[in-house]
1. Which of the lysines could a cross-linker bridge to residue 119, judged by Cα under 27 Å and excluding same-chain residues fewer than eight apart?
2. Taking a virtual spin label 7 Å from the Cα of residue 295 along the C-beta vector, which residues in segment 244-272 bring their backbone nitrogen under 17 Å of it?
3. Could you please state, rounded to a whole Å, how far the C-alpha centre of segment 207-228 is from the C-alpha centre of segment 56-114?
4. Could you provide, to the nearest whole Å², the per residue accessible area of the chain with probe 1.4 Å?
5. With a sphere of radius 15 Å drawn around the Cβ of residue 307, what net charge do the other residues whose Cβ falls strictly inside it have (Lys, Arg +1; Asp, Glu -1)?
6. Mind checking which lysines have their Cα closer than 29 Å to the Cα of residue 14? Skip sequence neighbours fewer than 8 apart in that chain.
7. Rounded to the nearest 10 degrees, what's the angle between the helix 70-85 long axis and the longest principal axis of the chain, both from Cα atoms, 0 to 90?
8. If you count only protein heavy atoms and use a 1.4 Å probe, how large is the accessible surface of residue 260, to the nearest 10 Å²?
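The values are calculated or read from the model by the stated rules, or taken from the named source; none is laboratory data. None of these values were measured; they are calculated from a predicted model. Cβ placement follows ideal geometry from the backbone for every residue including glycine, while neighbour counts extend to all protein chains displayed. The protein model used for the area step is the full one, side chains on, heavy atoms only, and it has no ligands, DNA or RNA in it. Shrake-Rupley method; radii C 1.70, N 1.55, O 1.52, S 1.80 Å.
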Amino acid sequence: MFATLSDRLTTTFKNLRTKGRLSEADIDATVREIRRALLDADVAVSVVREFTGTVRERALSSEVSGALNPAQQVVKIVNEELVAILGGESRGLNLAKNPPSVIMLAGLQGAGKTTLAGKLALHLREQGHTPLLVAADLQRPNAVTQLKVVGERAGVPVYAPSPGNQGAEGESGVSAGDPVAVARAGVETARSRQHDIVIIDTAGRLGVDAELMQQAADIRDATSPDEILFVIDAMIGQDAVATAQAFAEGVNFTGVVLTKLDGDARGGAALSVARVTGRPILFASTGEKLTDFEAFHPDRMASRILD
Ligand code: GDP
(Lines give C-alpha, C1' and ligand atoms only; values in the text may rest on other atoms or scores of the structure.)
Protein backbone atom coordinates (compact mmCIF):
# COMPACT_ATOMS: atom_id res chain seq x y z
CA MET A 1 0.00 0.00 0.00
CA PHE A 2 1.13 3.56 -0.75
CA ALA A 3 4.16 2.34 -2.75
CA THR A 4 3.35 4.49 -5.79
CA LEU A 5 2.51 7.54 -3.71
CA SER A 6 5.69 7.06 -1.77
CA ASP A 7 7.77 6.77 -4.97
CA ARG A 8 6.16 9.84 -6.50
CA LEU A 9 6.76 12.01 -3.45
CA THR A 10 10.33 10.79 -3.07
CA THR A 11 11.06 11.67 -6.70
CA THR A 12 9.54 15.11 -6.23
CA PHE A 13 11.75 15.78 -3.23
CA LYS A 14 14.82 14.41 -4.96
CA ASN A 15 14.36 16.99 -7.71
CA LEU A 16 14.27 19.72 -5.08
CA ARG A 17 17.50 18.64 -3.49
CA THR A 18 19.65 20.08 -6.23
CA LYS A 19 18.41 23.57 -5.42
CA GLY A 20 20.21 25.82 -2.99
CA ARG A 21 17.31 28.23 -2.64
CA LEU A 22 13.67 27.72 -3.43
CA SER A 23 11.85 30.36 -5.43
CA GLU A 24 8.09 30.73 -5.30
CA ALA A 25 8.03 29.04 -8.71
CA ASP A 26 9.98 26.07 -7.33
CA ILE A 27 7.54 25.74 -4.46
CA ASP A 28 4.55 26.00 -6.79
CA ALA A 29 5.99 23.33 -9.06
CA THR A 30 6.61 21.07 -6.08
CA VAL A 31 3.13 21.61 -4.69
CA ARG A 32 1.69 20.77 -8.11
CA GLU A 33 3.62 17.49 -8.14
CA ILE A 34 2.41 16.68 -4.63
CA ARG A 35 -1.16 17.49 -5.64
CA ARG A 36 -0.96 15.14 -8.65
CA ALA A 37 0.61 12.36 -6.61
CA LEU A 38 -2.10 12.59 -3.93
CA LEU A 39 -4.95 12.74 -6.46
CA ASP A 40 -3.52 9.79 -8.39
CA ALA A 41 -3.36 7.90 -5.09
CA ASP A 42 -7.13 8.52 -4.61
CA VAL A 43 -6.85 11.00 -1.75
CA ALA A 44 -10.13 12.94 -1.65
CA VAL A 45 -10.11 16.19 -3.62
CA SER A 46 -11.14 18.32 -0.63
CA VAL A 47 -8.34 16.86 1.48
CA VAL A 48 -5.78 17.38 -1.29
CA ARG A 49 -6.84 21.00 -1.71
CA GLU A 50 -6.50 21.74 1.97
CA PHE A 51 -3.26 19.82 2.26
CA THR A 52 -1.48 21.45 -0.66
CA GLY A 53 -2.75 24.90 0.34
CA THR A 54 -1.25 24.52 3.79
CA VAL A 55 2.01 23.06 2.50
CA ARG A 56 2.41 25.91 0.00
CA GLU A 57 1.68 28.57 2.57
CA ARG A 58 4.06 27.08 5.12
CA ALA A 59 6.81 26.51 2.54
CA LEU A 60 6.60 30.09 1.31
CA SER A 61 6.71 31.56 4.78
CA SER A 62 9.05 29.07 6.35
CA GLU A 63 12.15 30.54 7.87
CA VAL A 64 15.27 28.91 6.60
CA SER A 65 16.47 26.84 9.46
CA GLY A 66 20.19 26.48 9.90
CA ALA A 67 19.96 22.73 10.20
CA LEU A 68 17.79 22.01 7.18
CA ASN A 69 18.30 22.82 3.52
CA PRO A 70 15.25 24.07 1.58
CA ALA A 71 14.33 20.61 0.29
CA GLN A 72 14.51 19.12 3.78
CA GLN A 73 12.39 21.97 5.02
CA VAL A 74 9.65 21.10 2.49
CA VAL A 75 9.85 17.41 3.37
CA LYS A 76 9.47 18.31 7.02
CA ILE A 77 6.38 20.40 6.30
CA VAL A 78 4.84 17.65 4.13
CA ASN A 79 5.57 15.12 6.85
CA GLU A 80 3.92 17.25 9.53
CA GLU A 81 0.88 17.91 7.38
CA LEU A 82 0.54 14.20 6.54
CA VAL A 83 0.58 13.42 10.26
CA ALA A 84 -2.11 16.08 10.72
CA ILE A 85 -4.47 14.67 8.06
CA LEU A 86 -3.95 11.19 9.49
CA GLY A 87 -5.30 12.44 12.79
CA GLY A 88 -2.27 13.88 14.59
CA GLU A 89 -1.68 12.11 17.88
CA SER A 90 -2.40 8.41 18.09
CA ARG A 91 -4.74 7.28 20.81
CA GLY A 92 -5.71 3.95 22.31
CA LEU A 93 -9.18 2.59 23.04
CA ASN A 94 -11.46 4.47 25.38
CA LEU A 95 -12.46 1.99 28.02
CA ALA A 96 -15.21 2.33 30.61
CA LYS A 97 -14.44 3.12 34.23
CA ASN A 98 -16.95 0.48 35.20
CA PRO A 99 -16.52 -2.66 33.10
CA PRO A 100 -17.62 -4.10 30.86
CA SER A 101 -16.45 -1.69 28.19
CA VAL A 102 -18.46 -2.03 25.02
CA ILE A 103 -16.81 -1.86 21.61
CA MET A 104 -19.12 -1.99 18.63
CA LEU A 105 -17.89 -2.66 15.09
CA ALA A 106 -19.62 -1.28 12.01
CA GLY A 107 -18.81 -1.20 8.32
CA LEU A 108 -19.55 -2.57 4.88
CA GLN A 109 -19.72 -6.28 4.24
CA GLY A 110 -16.28 -7.62 3.37
CA ALA A 111 -14.49 -4.73 5.07
CA GLY A 112 -12.86 -7.21 7.41
CA LYS A 113 -15.06 -6.65 10.46
CA THR A 114 -15.34 -10.21 11.67
CA THR A 115 -11.63 -10.79 11.16
CA LEU A 116 -10.95 -7.56 13.02
CA ALA A 117 -13.20 -8.68 15.88
CA GLY A 118 -10.92 -11.69 16.31
CA LYS A 119 -7.75 -9.61 16.02
CA LEU A 120 -8.96 -7.09 18.56
CA ALA A 121 -10.10 -9.86 20.91
CA LEU A 122 -6.70 -11.55 20.71
CA HIS A 123 -4.87 -8.25 21.17
CA LEU A 124 -6.95 -7.40 24.25
CA ARG A 125 -6.62 -10.88 25.70
CA GLU A 126 -2.85 -10.64 25.34
CA GLN A 127 -3.01 -7.37 27.25
CA GLY A 128 -4.65 -9.16 30.15
CA HIS A 129 -8.28 -8.31 29.37
CA THR A 130 -11.08 -10.87 29.36
CA PRO A 131 -13.07 -10.00 26.24
CA LEU A 132 -16.33 -11.53 25.07
CA LEU A 133 -17.26 -11.49 21.39
CA VAL A 134 -20.92 -10.96 20.55
CA ALA A 135 -22.36 -12.14 17.24
CA ALA A 136 -24.94 -9.53 16.34
CA ASP A 137 -24.42 -9.93 12.59
CA LEU A 138 -27.48 -11.99 11.82
CA GLN A 139 -27.73 -10.79 8.24
CA ARG A 140 -25.18 -13.05 6.61
CA PRO A 141 -25.99 -16.73 7.21
CA ASN A 142 -22.37 -17.59 7.83
CA ALA A 143 -21.40 -14.66 10.01
CA VAL A 144 -22.14 -16.24 13.40
CA THR A 145 -20.19 -19.37 12.49
CA GLN A 146 -17.32 -17.26 11.16
CA LEU A 147 -17.16 -15.28 14.41
CA LYS A 148 -17.14 -18.53 16.39
CA VAL A 149 -14.19 -19.78 14.33
CA VAL A 150 -12.34 -16.52 14.80
CA GLY A 151 -13.13 -16.52 18.53
CA GLU A 152 -11.80 -20.02 18.91
CA ARG A 153 -8.58 -19.07 17.17
CA ALA A 154 -8.24 -16.02 19.41
CA GLY A 155 -9.06 -18.05 22.52
CA VAL A 156 -11.99 -15.76 23.28
CA PRO A 157 -15.56 -16.93 23.95
CA VAL A 158 -18.38 -15.93 21.63
CA TYR A 159 -21.91 -15.09 22.70
CA ALA A 160 -24.30 -16.05 19.91
CA PRO A 161 -27.85 -17.14 19.29
CA SER A 162 -28.29 -20.65 17.93
CA PRO A 163 -27.66 -20.59 14.19
CA GLY A 164 -30.65 -21.18 11.95
CA ASN A 165 -33.04 -20.75 14.82
CA GLN A 166 -34.84 -17.72 13.47
CA GLY A 167 -37.42 -16.38 15.85
CA ALA A 168 -36.93 -19.15 18.37
CA GLU A 169 -35.10 -18.99 21.65
CA GLY A 170 -31.42 -19.63 20.95
CA GLU A 171 -28.83 -21.23 23.18
CA SER A 172 -28.49 -17.89 24.89
CA GLY A 173 -32.21 -17.60 25.53
CA VAL A 174 -32.50 -14.80 23.02
CA SER A 175 -34.38 -14.80 19.74
CA ALA A 176 -31.92 -15.57 16.97
CA GLY A 177 -33.64 -13.13 14.66
CA ASP A 178 -33.14 -9.97 16.67
CA PRO A 179 -29.64 -8.49 16.58
CA VAL A 180 -30.50 -5.72 19.04
CA ALA A 181 -31.67 -8.24 21.63
CA VAL A 182 -28.59 -10.38 21.00
CA ALA A 183 -26.29 -7.38 21.49
CA ARG A 184 -28.07 -6.34 24.68
CA ALA A 185 -28.03 -9.86 26.08
CA GLY A 186 -24.36 -10.16 25.12
CA VAL A 187 -23.49 -7.16 27.26
CA GLU A 188 -25.55 -8.54 30.15
CA THR A 189 -23.77 -11.87 29.82
CA ALA A 190 -20.39 -10.14 29.90
CA ARG A 191 -21.44 -8.34 33.06
CA SER A 192 -22.61 -11.47 34.82
CA ARG A 193 -19.60 -13.54 33.70
CA GLN A 194 -17.10 -10.81 34.58
CA HIS A 195 -15.76 -10.12 31.10
CA ASP A 196 -14.25 -6.65 31.14
CA ILE A 197 -14.71 -5.91 27.41
CA VAL A 198 -17.49 -6.77 24.96
CA ILE A 199 -16.83 -6.65 21.22
CA ILE A 200 -20.03 -6.56 19.20
CA ASP A 201 -19.87 -7.59 15.55
CA THR A 202 -22.74 -6.05 13.61
CA ALA A 203 -24.19 -6.76 10.18
CA GLY A 204 -22.22 -5.59 7.19
CA ARG A 205 -23.95 -4.42 4.07
CA LEU A 206 -23.00 -4.21 0.45
CA GLY A 207 -23.67 -0.51 0.16
CA VAL A 208 -24.86 2.11 2.58
CA ASP A 209 -28.27 0.73 3.49
CA ALA A 210 -30.77 2.74 5.52
CA GLU A 211 -32.36 -0.26 7.20
CA LEU A 212 -29.07 -1.76 8.35
CA MET A 213 -27.78 1.64 9.41
CA GLN A 214 -30.86 1.96 11.60
CA GLN A 215 -30.19 -1.50 12.98
CA ALA A 216 -26.63 -0.46 13.87
CA ALA A 217 -27.96 2.72 15.50
CA ASP A 218 -30.47 0.62 17.48
CA ILE A 219 -27.69 -1.71 18.66
CA ARG A 220 -25.70 1.34 19.68
CA ASP A 221 -28.64 2.79 21.61
CA ALA A 222 -29.26 -0.53 23.34
CA THR A 223 -25.65 -1.06 24.43
CA SER A 224 -24.16 2.46 24.89
CA PRO A 225 -20.72 1.59 23.47
CA ASP A 226 -17.54 3.21 24.77
CA GLU A 227 -16.12 2.92 21.25
CA ILE A 228 -17.86 2.52 17.92
CA LEU A 229 -15.23 1.49 15.41
CA PHE A 230 -15.86 2.01 11.73
CA VAL A 231 -13.98 -0.69 9.85
CA ILE A 232 -12.98 0.25 6.34
CA ASP A 233 -11.16 -1.60 3.59
CA ALA A 234 -8.31 0.64 2.46
CA MET A 235 -8.63 -0.78 -1.04
CA ILE A 236 -12.12 0.58 -1.78
CA GLY A 237 -10.86 3.74 -3.42
CA GLN A 238 -12.81 6.96 -3.77
CA ASP A 239 -15.97 5.42 -2.28
CA ALA A 240 -14.21 5.45 1.08
CA VAL A 241 -15.05 9.05 1.84
CA ALA A 242 -18.77 8.84 1.05
CA THR A 243 -19.03 5.56 2.95
CA ALA A 244 -17.22 6.98 5.96
CA GLN A 245 -19.43 10.05 5.97
CA ALA A 246 -22.57 7.92 5.81
CA PHE A 247 -21.41 5.86 8.80
CA ALA A 248 -20.35 8.98 10.69
CA GLU A 249 -23.87 10.30 10.27
CA GLY A 250 -25.61 6.96 10.73
CA VAL A 251 -23.87 5.61 13.83
CA ASN A 252 -21.62 8.49 14.90
CA PHE A 253 -18.56 6.26 15.18
CA THR A 254 -15.74 7.25 17.50
CA GLY A 255 -12.77 5.73 15.67
CA VAL A 256 -11.64 4.14 12.44
CA VAL A 257 -9.89 0.86 11.70
CA LEU A 258 -8.19 0.58 8.32
CA THR A 259 -8.02 -2.94 6.95
CA LYS A 260 -6.12 -4.59 4.10
CA LEU A 261 -3.21 -2.19 4.35
CA ASP A 262 -1.14 -5.09 3.06
CA GLY A 263 -2.83 -4.76 -0.35
CA ASP A 264 -1.26 -2.98 -3.27
CA ALA A 265 -4.12 -0.59 -3.99
CA ARG A 266 -3.40 3.12 -4.09
CA GLY A 267 -4.78 3.58 -0.60
CA GLY A 268 -5.14 7.33 -0.65
CA ALA A 269 -8.85 7.29 0.03
CA ALA A 270 -8.10 5.72 3.37
CA LEU A 271 -5.78 8.62 4.06
CA SER A 272 -8.75 10.95 3.72
CA VAL A 273 -11.07 9.23 6.14
CA ALA A 274 -9.67 10.64 9.37
CA ARG A 275 -9.65 14.18 8.01
CA VAL A 276 -13.06 14.07 6.39
CA THR A 277 -14.81 12.56 9.41
CA GLY A 278 -12.70 14.14 12.14
CA ARG A 279 -12.41 10.72 13.84
CA PRO A 280 -9.04 9.15 14.63
CA ILE A 281 -7.69 5.95 13.08
CA LEU A 282 -7.02 3.61 16.00
CA PHE A 283 -5.84 0.39 14.39
CA ALA A 284 -4.60 -1.03 11.12
CA SER A 285 -5.18 -4.52 9.84
CA THR A 286 -2.43 -5.81 7.59
CA GLY A 287 -3.29 -9.37 6.59
CA GLU A 288 -5.58 -12.34 7.10
CA LYS A 289 -3.85 -13.79 10.15
CA LEU A 290 -5.12 -12.74 13.58
CA THR A 291 -1.71 -11.32 14.44
CA ASP A 292 -1.69 -9.03 11.37
CA PHE A 293 -2.89 -6.13 13.44
CA GLU A 294 -1.28 -3.01 14.86
CA ALA A 295 -2.05 0.22 16.63
CA PHE A 296 -2.15 3.04 14.10
CA HIS A 297 0.39 5.81 14.54
CA PRO A 298 -0.07 8.78 12.18
CA ASP A 299 3.60 9.75 12.52
CA ARG A 300 4.82 6.27 11.61
CA MET A 301 2.47 6.05 8.66
CA ALA A 302 3.62 9.46 7.39
CA SER A 303 7.26 8.38 7.69
CA ARG A 304 6.48 5.18 5.86
CA ILE A 305 4.91 7.14 3.01
CA LEU A 306 7.82 9.58 2.82
CA ASP A 307 10.56 6.99 3.18
P1 GDP B 1 -16.74 -8.64 7.15
O2 GDP B 1 -17.74 -9.00 6.11
O3 GDP B 1 -16.59 -7.16 7.29
O4 GDP B 1 -16.95 -9.32 8.46
O5 GDP B 1 -15.31 -9.10 6.58
P6 GDP B 1 -14.47 -10.42 6.90
O7 GDP B 1 -13.81 -10.30 8.23
O8 GDP B 1 -15.28 -11.62 6.62
O9 GDP B 1 -13.30 -10.25 5.81
C10 GDP B 1 -13.55 -10.32 4.42
C11 GDP B 1 -12.33 -10.92 3.73
O12 GDP B 1 -11.21 -10.04 3.87
C13 GDP B 1 -11.88 -12.24 4.34
O14 GDP B 1 -11.48 -13.08 3.28
C15 GDP B 1 -10.70 -11.88 5.22
O16 GDP B 1 -9.78 -12.93 5.35
C17 GDP B 1 -10.10 -10.73 4.43
N18 GDP B 1 -9.37 -9.77 5.28
C19 GDP B 1 -9.76 -9.17 6.42
N20 GDP B 1 -8.83 -8.30 6.87
C21 GDP B 1 -7.80 -8.37 5.99
C22 GDP B 1 -6.51 -7.70 5.90
O23 GDP B 1 -6.13 -6.85 6.70
N24 GDP B 1 -5.75 -8.02 4.81
C25 GDP B 1 -6.13 -8.93 3.89
N26 GDP B 1 -5.31 -9.17 2.87
N27 GDP B 1 -7.33 -9.56 3.94
C28 GDP B 1 -8.14 -9.29 4.97
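1. By straight Cα distance, residue 119 reaches 97, 148, 260, 289.
2. Taking a point 7 Å out along Cα→Cβ of residue 295, the residues of segment 244-272 whose backbone N falls under 17 Å are 255-258.
3. Comparing the Cα centres of segment 207-228 and segment 56-114, I get a distance of 27 Å.
4. On the way: 13740 Å² over 307 residues.
Dividing the accessible area of the chain by its residue count gives 45 Å².
5. Combined, the nearby Lys, Arg, Asp and Glu give +3.
6. Candidates past the 8-residue exclusion: 76.
7. 20
8. Solvent-accessible area, nearest 10 Å²: 70 Å².
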